[in-house]
Amino acid sequence: MPLSANRVVFTPSGKRGEFVEGGSLLEAARALGVDLDSVCGGRGICGRCQVDIAEGDFAKHAIHSSADHVTPSAEVEARYASKRGAFSPGRRLGCQARICGDLVVDVPPESQVHRQVIRKRAETHPIEIDPVVRLYYVVEVREPDMHEPASDLRRLQQALHEQWNLNETHADLATLVRLQKALRAGQWKVTVALRKARDIVSITPGFAERAFGVAIDVGSTTIAAHLTDLTSGEVVAAVGAMNPQIRFGEDLMSRVSYVMMNPGGDKELTRVVREAMNALIGDAAREADVARGEILEVTLVGNPIMHHLVLGLDPTELGGAPFALTIDSAYEVRAYELGLDVAPGAFVYALPCIAGHVGADTAGVVLAEGPHLKDELTLLVDVGTNAEIVFGNCEQLFACSSPTGPAFEGAQISCGQRAAPGAIERVRIDRVTLEPKFKVIGCDLWSDEPGFAEATSNIPVTGVCGSGIIEVIAEMFLAGIVSEDGVIDGELVGRTGRVEPVGRTFAYVLHEGGGPRLLIYQTDVRAIQLAKAALYAGAKLLMERAGAKPERVTLAGAFGSHIDPVYAMALGLIPDCDLAKVASAGNAAGTGARIALLNLAARAEIEGVVRRIDKIETAIEPEFQRHFVAAMAFPNKEDAFPHLAQRIALPPRKEPSGEGGRRRRRAAAHGGPLTPS
Ligand code: FES
């Protein structure tokens, strides 16, 4: 008698088919191409194939589904449940439940291979998990036999073919040396981590189900590593450390100079950064209780010089025009070749660089923010000692870098300091009295609120961090202390004790009494003007090239996550835009590295996008200088800021007068640096 066909519908995919009695739900899912996971190959060990059997009538599908339309739970599932906890009602292992009636079967997100990782900001790139490395449990690798001589590797390859339909798998020496011990320790059962279904990354005795990867963002100041579960997409440890290359030079160019002046200096810089990365991986693994051997893939982003130094490529050519990269495409290398102690055959995937000054970190930002996927014209700004800027949408993207220098990070600012407890991070200046109030990192109170002194008794006010500098100078401009041209108004000396003469210029007293006196000098204002003018001029070049203005501005990097968009715009650091669409993306470069870690297709995507980006070299663009000069003014000499004007009252244009003004004009007449023309 022929076996009757049973209708089975899988949700949420809606895939359906008819199946004879006795086949498992995992087999049915595979036959239909339903996204249902399995590491153990249907042996009831991994628990990845869990499904929910729906109960009731489903008119849409013309199906009556019931839990007794599959075979009852038996020993294998009971054993799994006794180890991992009881199933919720209706939940079954797809590989054990066998079809004996019509069914509606739901595949929950945690059982889908290509599940989505939820991201906090809706406008960002979705992450679908489809990692480059997957685990395969292999049972019954044939034992060696005198009568049938075949090597251990050949018999493992045969088992991979027979049990998982994987052909032409390959092991390099680093994994091969561990093969025989692993097979015997596992009594001919092993879990193989395979990359791109081809390269053996690790061989673990017995059944293993944990797979991790690390996304590393090598910045010139800090290195950040995100240890990520390759199955769930969850970040299990996020760690950071200072880049030890700092002792060879604070900024990128001084490190390139070190390499130029010291034969073998590049090797030294490579060695220390690799050691730091390896130590960081160890820290993350310890924090999350993960073995280094469970880390199966590493992705890497960094600016061009960091990218080159990590790979062991001499960055000398990046120190001057025409800024030739050794390589700009994405690159894969075995992790052990970079001295990283992870799974023996693991690879490092470095994202592509965009141009000599626009690196794999910016490629990461693009991948994370996905401007190439949207109609909306997005301006992405990653602020560091160089601002890396991308502008465009799905039709066209432009990129450039602009030499902002380290002022935004607090360097070159007399009272600047890194963001740390005791640093001023928020500032407000009374428009009438010109008295300031501020907040310091480590205390939620404003300085004029009761209890501030007690609350900060253990955290003395020591300086101003990057976001505080933006705010204090913007507030000085909005309060009329600084003119549109960036000159501290000496006429205020008689009106407030907060403005005082310093040599031939003036300064604003932000803080005194307790800790060091903190003054904002004319040179500080000038340093911020130069930095923000460079940033804006770069963005303006891209806007001109695109013939459009941004509809969204996204600030990436640590600096971007702390600055208030209103103040950034009031200074003219970024172009005018609907303020509701100006946001910080945090460490978007690192997020891009994490996306590349979790999704193979994302790698092809960013490689393709990067090749299509139109690169603009600011150094040879004649218009850059003109934009730079206009952008020295607050917020800008030429460009209007209508959205900003709706939000805040911009001060009336003010020609500087008094001592400050006279000195300014004199300096200008002598070709001095104070005044942009
Ligand atoms: Fe592993 Fe079902 S496939 S438990």
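The values are calculated or read from the model by the stated rules, or taken from the named source; none is laboratory data. Just so we're clear, the structure is a prediction, and the values are computed from it rather than from any experiment. Please note: Cβ atoms are built from the backbone with ideal geometry, for glycine as well, and neighbour counts cover all protein chains shown. Side chains are part of the model used for accessible areas, which takes the heavy atoms of the whole protein and leaves out ligands, DNA and RNA. Shrake-Rupley method; radii C 1.70, N 1.55, O 1.52, S 1.80 Å.
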Q: Within the range 542-554, work out how many residues are of a type outside the set (S, T, N, Q), within 20 Å of Ala570 (Cα to Cα) and open to solvent by less than 30 Å² (accessible area, probe 1.4 Å).
A: 3
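Give the residue that is surrounded by the most Cβ atoms within 10 Å (Cβ to Cβ), with candidates limited to residues of the range 309-322 that are touching a Leu at 6+ places or on another chain (Cβ under 8 Å) and either of a type in the set (Gly, Ala, Ser) or assigned to a helix (DSSP H, G or I) (or both). Spell out the reasoning first.
Within the range 309-322, the first condition is being touching a Leu at 6+ places or on another chain (Cβ under 8 Å), and the residues that meet it are 309-312, 315, 317-318.
Narrowing the set further to residues that are either of a type in the set (Gly, Ala, Ser) or assigned to a helix (DSSP H, G or I) (or both) leaves 309-312, 317-318.
Numbers: Leu309: 31, Val310: 25, Leu311: 19, Gly312: 16, Glu317: 17, Leu318: 25.
Checked the range 309-322; the qualifying residue surrounded by the most Cβ atoms within 10 Å (Cβ to Cβ) is Leu309.
Sort through Pro622, Pro635 and tell me the only one that's touching a Gly at 6+ places or on another chain (Cβ under 7 Å) and more than 24 Å from Gly364 (Cα to Cα). I'd like the intermediate steps shown before the answer.
Working: Pro622 fails: touching a Gly at 6+ places or on another chain (Cβ under 7 Å).
Going through Pro622, Pro635 in turn, just one is touching a Gly at 6+ places or on another chain (Cβ under 7 Å) and more than 24 Å from Gly364 (Cα to Cα): Pro635.
Please verify whether Gly497 is more than 20 Å from Phe477 (Cα to Cα), over 18 Å from the mean Cα position of the chain (by Cα) and assigned to a loop (DSSP other than H, G, I, E, B), treating the condition exactly as stated. If you could, list the steps in order and put the result at the bottom.
Details: more than 20 Å from Phe477 (Cα to Cα): no; over 18 Å from the mean Cα position of the chain (by Cα): yes; assigned to a loop (DSSP other than H, G, I, E, B): yes.
The answer is no for Gly497.
Among Gln180, Gln157, which is the only one that is surrounded by fewer than 20 Cβ atoms within 10 Å (Cβ to Cβ) and free of Cβ contacts under 8 Å to residues at least 40 places away in the same chain? Lay out the reasoning, then the answer.
Values: Gln157 fails: surrounded by fewer than 20 Cβ atoms within 10 Å (Cβ to Cβ).
None of the others qualify; the one that does is Gln180.
Let me confirm something: among Ala74, Ala97, Ala78, which residue is within 16 Å of the ligand (Cβ to nearest atom), more than 23 Å from Arg195 (Cα to Cα) and touching a residue at least 40 places away in the same chain (Cβ under 8 Å)?
Values: Ala74 fails: touching a residue at least 40 places away in the same chain (Cβ under 8 Å); Ala78 fails: touching a residue at least 40 places away in the same chain (Cβ under 8 Å).
Only one candidate qualifies: Ala97.
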Q. What pairs come up if the first residue lies in the range 8-33 and is free of Cβ contacts under 8 Å to residues at least 40 places away in the same chain and assigned to a strand (DSSP E or B), the second is among the aromatic types (Phe, Trp, Tyr) and more than 16 Å from the ligand (Cβ to nearest atom), and their beta carbons are under 6 Å apart, counting only those six or more places apart or on different chains?
A. none
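Quickly run through the range 484-514 and pick out the residues that are polar (S, T, N, Q) and modelled with pLDDT of 95 or more.
Thr505
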Q) Is the range 459-480 home to any residue that is out of contact with any helix residue (DSSP H, G or I) (no Cβ under 6 Å at 6 or more places or on another chain) and without any contact (Cβ under 8 Å) to a residue 24 or more places away in the chain? A) no
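Determine, yes or no, whether Gly41 is part of a loop (DSSP other than H, G, I, E, B), on the phi > 0 side of the Ramachandran plot, over 37 Å from the mean Cα position of the chain (by Cα) and in contact (Cβ under 8 Å) with a residue 60 or more places away in the chain. It would help to see each step written out before you state the result.
Values: part of a loop (DSSP other than H, G, I, E, B): yes; on the phi > 0 side of the Ramachandran plot: yes; over 37 Å from the mean Cα position of the chain (by Cα): no; in contact (Cβ under 8 Å) with a residue 60 or more places away in the chain: yes.
Here the answer is no, as Gly41 does not meet what is asked.
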Q) Being more than 17 Å from Gly463 (Cα to Cα) and crowded, with 24+ Cβ neighbours inside 10 Å, is that true of even one residue in the range 510-528? A) no
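Would the range 151-164 turn up any residue that is of a type in the set (S, T, N, Q), under 24 Å from Ala335 (Cα atoms) and under 31 Å from the mean Cα position of the chain (by Cα)?
In the first step, residues of the range 151-164 are kept if they are of a type in the set (S, T, N, Q); the result is 151, 157-158, 163.
From what is left, the residues that are under 24 Å from Ala335 (Cα atoms) are 157.
Checking the rest, the ones that are also under 31 Å from the mean Cα position of the chain (by Cα) come to none.
Among the residues of the range 151-164, not one is of a type in the set (S, T, N, Q), under 24 Å from Ala335 (Cα atoms) and under 31 Å from the mean Cα position of the chain (by Cα), which makes the answer no.
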Q. Is it true that some residue in the range 118-128 is under 30 Å from Arg198 (Cα atoms) and within 16 Å of the ligand (Cβ to nearest atom)?
A. no
(Q) Looking only at residues that are more than 20 Å from Gln522 (Cα to Cα) and assigned to a loop (DSSP other than H, G, I, E, B) in the range 412-429, which one is least open to solvent (accessible area, probe 1.4 Å)? (A) Gly422
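Checking the conditions here, which among Ala619, Ala631 is surrounded by 20 or more Cβ atoms within 10 Å (Cβ to Cβ), of a type in the set (A, V, I, L, M) and touching a residue at least 60 places away in the same chain (Cβ under 8 Å)? Please lay out each step first, then the result.
On the way: Ala619 fails: surrounded by 20 or more Cβ atoms within 10 Å (Cβ to Cβ).
The unique qualifying residue is Ala631.
Would you confirm whether or not the range 26-46 contains a residue that is among the charged types (D, E, K, R) and open to solvent by less than 40 Å² (accessible area, probe 1.4 Å)? It would help to see each step written out before you state the result.
Within the range 26-46, the subset among the charged types (D, E, K, R) is 27, 30, 35, 37, 43.
If we keep only those that are open to solvent by less than 40 Å² (accessible area, probe 1.4 Å) as well, we get 37.
Looking through the range 26-46, at least one residue is among the charged types (D, E, K, R) and open to solvent by less than 40 Å² (accessible area, probe 1.4 Å).
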(Q) Checking Val34 against (1) touching an Asp or Glu at 6+ places or on another chain (Cβ under 8 Å); (2) within 16 Å of the ligand (Cβ to nearest atom), only one condition comes out false. Which one? (A) (1)
Q: Scan the range 42-50 and give yes if some residue there is touching a Lys or Arg at 6+ places or on another chain (Cβ under 7 Å), away from the ligand (no atom under 12 Å from the Cβ) and not aliphatic (A, V, I, L, M), otherwise no.
A: no
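Just to be sure, is Val566 within 25 Å of Ala649 (Cβ to Cβ), buried (at least 21 other Cβ atoms within 10 Å of the Cβ), of a type in the set (Val, Ile, Thr) and touching a residue at least 60 places away in the same chain (Cβ under 8 Å)?
Working: within 25 Å of Ala649 (Cβ to Cβ): yes; buried (at least 21 other Cβ atoms within 10 Å of the Cβ): no; of a type in the set (Val, Ile, Thr): yes; touching a residue at least 60 places away in the same chain (Cβ under 8 Å): yes.
So Val566 does not fit the description; no.
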**Q.** Unmet criterion (only one of (1) of a type in the set (Asp, Glu); (2) within 36 Å of the chain's Cα centre (by Cα); (3) farther than 23 Å from Ala630 by Cβ) for Glu475
**A.** (3)
Q) Has the range 218-239 got at least one residue that is open to solvent by 40 Å² or more (accessible area, probe 1.4 Å) and over 21 Å from the mean Cα position of the chain (by Cα)? A) no
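Give the number of residues within the range 280-292 that are open to solvent by 40 Å² or more (accessible area, probe 1.4 Å) and within 11 Å of Asp341 (Cα to Cα).
In the first step, residues of the range 280-292 are kept if they are open to solvent by 40 Å² or more (accessible area, probe 1.4 Å); the result is 283, 286-287, 289, 291-292.
After this cut, where a residue has to be within 11 Å of Asp341 (Cα to Cα) as well, the list is 291-292.
Adding up the residues that qualify gives 2.
Condition first: closer than 16 Å to Val107 by Cα, open to solvent by less than 10 Å² (accessible area, probe 1.4 Å) and either within 16 Å of the ligand (Cβ to nearest atom) or assigned to a helix (DSSP H, G or I) (or both). Can you find one or more residues in the range 52-68 that meet it?
Of the residues in the range 52-68, the ones closer than 16 Å to Val107 by Cα are 52-55, 65-67.
Pick out the ones that are also open to solvent by less than 10 Å² (accessible area, probe 1.4 Å) and you get 65.
Checking the rest, the ones that are also either within 16 Å of the ligand (Cβ to nearest atom) or assigned to a helix (DSSP H, G or I) (or both) come to none.
Taking every residue of the range 52-68 in turn, none turns out to be closer than 16 Å to Val107 by Cα, open to solvent by less than 10 Å² (accessible area, probe 1.4 Å) and either within 16 Å of the ligand (Cβ to nearest atom) or assigned to a helix (DSSP H, G or I) (or both).
For the range 415-435: of the residues being more than 28 Å from the chain's Cα centre (by Cα) and closer than 14 Å to Ile470 by Cα, which is modelled with the lowest pLDDT?
Our first condition is that a residue be more than 28 Å from the chain's Cα centre (by Cα); within the range 415-435, this holds for 415, 427-435.
Going one step further and asking which of them are closer than 14 Å to Ile470 by Cα, we end up with 415, 427-429.
Numbers: Cys415: 92, Val427: 97, Arg428: 97, Ile429: 97.
Looking at the filtered set, the residue picked out is Cys415.
Every residue in the range 69-112 that is touching a helix residue (DSSP H, G or I) at 6+ places or on another chain (Cβ under 9 Å), outside any loop (DSSP other than H, G, I, E, B) and open to solvent by less than 30 Å² (accessible area, probe 1.4 Å), please. Reasoning before the result, please.
Keep residues of the range 69-112 that are touching a helix residue (DSSP H, G or I) at 6+ places or on another chain (Cβ under 9 Å), which gives 70, 73, 87, 89-90, 92-103, 105, 107.
This time we only want the ones that are outside any loop (DSSP other than H, G, I, E, B), so: 70, 92-93, 98-99, 103, 105.
Listed by number, the residues that qualify are Val70, Arg92, Leu93, Ile99, Leu103, Val105.
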